Amino acid sequence: MTVLEIKLIPDPVLRKKAESVKVVTNDIISVLNDMAETMYDAPGIGLAANQVGILKRLVVMDCSTDDEDPNLIKMINPEIIFSSTEISELEEGCLSIPEHKSIVKRPSNIKVRFLNIQGSEEIIDAEGLLSACIQHEIDHLNGVLFVDHISRLKRDIIFRKVKKQIRENEK
Ligand SMILES: [Zn+2]
């Protein structure tokens with residue numbers, strides 16, 4: 001397994017729509033394994049393929065807490081098939097927007113359908129952190145970032161700060 005390079009804003013690949021996976025091949029499984037390794041190495045609780053420059057509909061996540069066993073979930077072509085009208089607010093961050101967090105409002109409960117690595121369909125009901133994490137990662141596959149859900153003012157501040165960080169890192 002390989003730790004892949006995580007793309008940071010304003011990399012254009014983060015704004016592209018990823019393509020559906022037609023067949024679950026060994027190459028796809030190998031990409032998912034590398035993504036999981038990259039996520040744990042960062043460390044983060046979720047990673048979408050766009051974030052490592054691959055435009056395929058693949059996400060990995062592990063929203064377990066420190067006192068729980070690891071719970072690695074790999075999803076191929078995930079699709080939200082139900083969203084509650086009830087809304088929750090949670091603080092989110094993103095490996096592609098380092099060091100910035102913001103409260104994001106999203107549907108509290110969702111149902112997600114995806115293919116597992118065996119190529120069979122699974123449906124998961126999610127709430128709380130897992131629900132927010134799944135929605136955040138599926139957003140990535142559509143070129144959407146968590147900062148798109150906050151006010152333009154807050155977003156502009158974050159983008160300006162990140163640009164400044166990048167400039168300083170290049171010095
Ligand atoms: Zn993210």
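Say we look at the range 140-164 and pick out the residues that are β-branched (Val, Ile, Thr) and touching a residue at least 60 places away in the same chain (Cβ under 8 Å); which of these is farthest from THR85 (Cα to Cα)? Per the stated criteria, the residue is VAL162. Set side by side, the residues GLU137, GLU127 differ, and just one is crowded, with 20+ Cβ neighbours inside 10 Å, touching a strand residue (DSSP E or B) at 6+ places or on another chain (Cβ under 9 Å) and either acidic (Asp, Glu) or free of Cβ contacts under 8 Å to residues at least 40 places away in the same chain (or both), which is GLU137. Cβ separations smaller than 8 Å between residues 6+ apart or across chains give the following pairs from the range 22-35 residues that are within 15 Å of LEU47 (Cβ to Cβ) to residues that are assigned to a helix (DSSP H, G or I): VAL31/ALA49; ASP34/VAL52; MET35/ALA49; MET35/VAL52. All conditions in (1) within 16 Å of the ligand (Cβ to nearest atom); (2) of a type outside the set (D, E, K, R); (3) in a helix (DSSP H, G or I) hold for ILE157, with the sole exception of (1). Under 7 Å between Cβ atoms, which residue pairs at least 6 apart in sequence (or on different chains) link something in the range 69-90 that is more than 28 Å from THR38 (Cβ to Cβ) and in contact (Cβ under 8 Å) with a residue 12 or more places away in the chain with a partner that is of a type in the set (Gly, Ala, Ser) and part of a loop (DSSP other than H, G, I, E, B)? Sorted first by the residue in the range 69-90, then by its partner, the pairs are SER84/SER108; GLU86/SER108; ILE87/SER108. The condition (being free of Cβ contacts under 8 Å to residues at least 40 places away in the same chain and either assigned to a strand (DSSP E or B) or under 18 Å from PRO78 (Cα atoms) (or both)) is satisfied by just one residue among ARG167, ARG113: ARG113. Summed over the range 77-98, residues that are in contact with a Leu (Cβ under 8 Å, 6 or more places away or on another chain), closer than 27 Å to ILE54 by Cα and within 16 Å of the ligand (Cβ to nearest atom) total 6. Quick one: in the range 38-73, of everything that is among the small types (Gly, Ala, Ser) and closer than 15 Å to ASP11 by Cβ, which residue is nearest to the ligand (Cβ to nearest atom)? For the range 38-73, the residue satisfying everything is ALA48.
Every read-out reported here was derived from the displayed coordinates using simple, explicitly stated rules and does not represent laboratory data. It should be emphasised that the depicted structure is a prediction, and the values quoted were computed from it without experimental measurement. Every residue, glycine among them, receives a Cβ derived from its backbone with ideal geometry; neighbour counts consider all protein chains shown.
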